[in-house]
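Accompanying notes for the structure given below.
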Amino acid sequence: MGPTDAQLRQSIATLLAAREPPATICPSEVARAAAPDAWRALMPRVREVAFAMAREGRIEIRQKGQPVAPDPPPRGPIRLGRVHAAADAHPTTPGRR
């Protein structure tokens with residue numbers, strides 16, 4: 001039995017937290033961390049979990065460096081990143097001077 005969706009969500013969050021913004025992660029990194037010997041078979045589930053997290057506003061799905069909507073699910077290579085927060089985008093907002 002492979003990892004649960006909750007474990008995949010946690011893995012996505014943990015891998016993103018280990019990177020400095022605006023760095024992204026590849027879904028294959030999540031699959032390899034969760035199932036090193038069977039990661040390829042896990043890729044469709046990792047993508048589905050990532051799309052669900054994007055629908056909830058927890059992460060962004062990116063293609064060619066640009067955010068894309070999770071519906072319909074994008075085809076081709078994707079990256080997973082943090083949602084851009086307004087305070088992170090502008091260094092002179094209160095508390096970030």
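Computed on region 5-88, with alpha-carbon pairs under 8 angstrom and 6+ residues apart, the relative contact order is 30 percent.
Counting every other Cβ atom within 10 Å of each residue's Cβ, E48, E56, E29, E20 order from fewest to most as E20, E56, E48, E29. Using Cβ point charges alone (K and R +1, D and E -1), the dipole size of the chain about the Cα centre works out to roughly 220 debye.
A cut-off of 5 Å between modelled amide H atoms, ignoring neighbours fewer than 5 places along the same chain, links R82 with E60. Across region 45-60, coupling constants 3J(HN,Hα) worked out from phi with the 6.51/-1.76/1.60 Karplus curve, θ = phi - 60°, read 5, 4, 4, 4, 5, 4, 4, 4, 5, 5, 4, 7, x, 7, 9, 10 Hz, and Gly and Pro carry x. For the chain, rounded, prolate or oblate, judged on the Cα gyration tensor with a ≥ b ≥ c (square roots of eigenvalues), a/c < 1.5 rounded, else prolate if a/b > b/c? Taking the square roots of the gyration eigenvalues as a ≥ b ≥ c, the chain is prolate.
A short reminder: the numbers here are calculations on the coordinates, not readings from a lab. Small disclaimer: the values here were computed from a predicted structure and weren't measured. Backbone-built Cβ (ideal geometry, glycine too); neighbour counts: all protein chains shown.
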